[in-house]
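Working notes for the structure below.
Nothing in this text is a laboratory measurement; each read-out follows from the coordinates by a stated rule. As the structure is a computational prediction, the values presented were derived from the model and not from experiment. Cβ atoms come from the backbone with ideal geometry, glycine included; neighbour counts cover every protein chain shown.
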Amino acid sequence: MAIFRQYIAPLLVVLMFVLALVVVSARIFLPEDMAAPAPIEAGEQVGLGHSDNLTALETASSLDVLIHGLPDEAAIAPAS
């Protein structure tokens, strides 16, 4: 057991660190366009039903909306 604790376990830790270092450093050798972070695409926005205004939500506080949900007249309607 002492051999594992003194030689094998530290060797495994060092090998894991070296492997992680190599994997992270591999970005240096990638082509320039692949080394950059991934672009963020604009997603589709979800509206509040037919009117897309917040007049129905003005009467309730934001905490009330989080606890009880949206009022029926401001419920999210599926796209037609």
Here FRET efficiency (C-beta to C-beta, LEU15 to GLU41, R₀ 41 Å, nearest 0.05) is 0.60
Once both label points are put 7 Å beyond Cα along the C-beta direction, the VAL22-GLN6 separation in nm becomes 2.8 nm
Subtracting the Cα-Cα distance of LEU30 and LEU66 from 0.36 nm times their residue separation yields 8.4 nm
